[in-house]
Amino acid sequence: MDATTSGTPTVQYHNIPDQPITAIVAAPVSAFLRQVRHCFGDSTPGEFPLAANPSIVLHVLTTCNLDPQDLAKLEAKLAALDMCQRRAIFKPMTDEERQSLKHRCGGSWKLVLRFLLAGEACCRREKSQAIAGPGHSIAVTSSGAVYSFGSNSSGQLGHGNTEEDWRPQQIRSLQGIRIIQAAAGAGRTMLISDAGRVYAFGKDSFGEAEYGVQGTKLVTTPQPVESLKDIFVVQAAIGNFFTAVLSREGRVYTFSWGKDSKLGHKTEPNDVEPQPLLGALENIPVVQIAAGYCYLLCLACQPSGMSVYSVGCGLGGKLGHGSRTDEKYPRLIEQFQLLNLQPMVVAAGAWHAAVVGRDGRVCTWGWGRYGCLGHGNEECESVPKVVEALSDVKAVHVATGDYTTFVVSDDGDVYSFGCGESASLGHNTAGEGQGNRHANVLSPELVMSLKQVNERVVQISLTNSIYWNAHTFALTESGKLYAFGAGDKGQLGIELANNQTERGKPERVDIDLN
């Protein structure tokens, strides 16, 4: 409960010079000893975590003359603030930054807490993760160590050379730096530390992933992105022509985004400065970003609930507004309100998109080629549509690639549908012929090959590029990583026989991410 809203005046603190107590108050008071304020645990001077001394909270709640309604509000406010102080990205914030975030989230610590928890849930922040990039792969352990393997023609593995390697190798130059997020694009990699710094290597480029004048300089070891040094970054997303980053406060910045007819595509070769995403999201905090081929999705956290905004190229209806029109500024996807669905996770494939709702429903929209929308056909959908074939499944995670979609249920089962090229769907692995496991799947099917590993899957990552054969990672709750699909560049982290270019059955990668 804020003092300004309750009518209670704000307490003002002043430096009072030493003088007799009687000069300050009329009635005599008992003498007291000036005490030094101590820190608790890992707290810094000035911090006073509620959990470290709950008796103070109890004293305030029981001795102050508050009516039951105000008492309940105060108790909820203190509890929410205490929980915020336990979150990794909230701890290092100054009081001014915390108050600014509170205002941006809607004016209460409960809303700040919801914002922080939503970001952790949808992005696996502070947890292990695997990224199936175009031709190369990145794996981040729960302690923040980074392993890379696969294609390395641009130095995107970060080992100081351009040699391809199928064996997962730790990036030694990051020793002492804890990485919490990773993003992989064609020929380049971005890593984000727990201090909000961004490190990039591979093509020296933020746009024009495959061709063009950008990216002629190669960076073979992780280097801090100087243009982002004043922004505390928590997530990065790499599209085909642009890059986007998300700040701790929920602001979105883009590189090489383009204007007018080049929206979602690169502008100038020297476009290396982050530009804030203007429009509707300027004053609305975002918890997750997802980049497609030439468009961007933003999961926003508002006092009224969670919502999704889209911006960029509208071909195929992938922006979700009922048309194929480009959007120069972020626009709210209104269909979720009509479906009475609270979005919790967003995924942007090259040409189609997906969302998981709080109730476990899955929606897809955009180009429906190869059945990647899961509606039993190859039709396009210009607004989000519930995948009815998953009506008996409570989904918690979704991943999209180039005409491919994976859904993870709350019990760890995995379903996939769409393009079966490169055996990246994980189906029909027992068949002898290549045609079996390469079949397209128009409706969600349980990936039995992952069911057989007897591990609860918590994350799926698959290649999101139209230029590279796809591969897929499945990360289990115990930190085991399984890979299948294309492996011609060593991107599976598994050694293949001389005549093999892919692996249809999930195989364990020799890394323990926990």
The long-range amide H neighbours of T463, using H built 1.01 Å from N in the peptide plane and a cut-off of under 5 Å, are H471
Given pairs K259/K318; K127/K229; K91/K229 and cut-off 21 Å on Cα-Cα distance, the over-length ones are K127/K229
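Sorted by average packing, counted as other Cβ atoms within 10 angstrom per residue and highest first, what order do 445-458, 497-510, 114-127 take?
On the way: 445-458: 17.4, 497-510: 14.9, 114-127: 19.6.
Peptide ranking by packing, descending: 114-127, 445-458, 497-510.
Going highest first, how would you order 178-190, 336-348, 273-285 by mean Cβ packing within 10 Å?
Numbers: 178-190: 24.3, 336-348: 19.5, 273-285: 16.4.
So the order, starting with the most tightly packed, is 178-190, 336-348, 273-285.
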In order over region 167-174: 3J(HN,Hα) from phi, Karplus 6.51/-1.76/1.60, θ = phi - 60°, whole Hz, x for each Gly or Pro, gives 7, x, 10, 6, 7, 5, 5, 8
Taking placed amide H atoms and a strict 5 Å upper bound, the residues 5 or more places from F232 or on another chain that come that close are R248
HN-Hα couplings for region 388-401 via Karplus (6.51, -1.76, 1.60; θ = phi - 60°), in whole Hz with x for Gly/Pro, come out as 5, 5, 9, 5, 9, 10, 9, 7, 10, 8, 9, 9, 10, x
For S142 and R167, extending 7 Å from Cα along the Cα-Cβ vector and measuring point to point gives, in nm, a value of 2.7
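Values quoted throughout were computed directly from the atomic coordinates according to the rules given, and no laboratory measurement underlies them. Small disclaimer: the values here were computed from a predicted structure and weren't measured. Cβ: placed from backbone, ideal geometry, glycine included. Neighbour counts: every protein chain shown.
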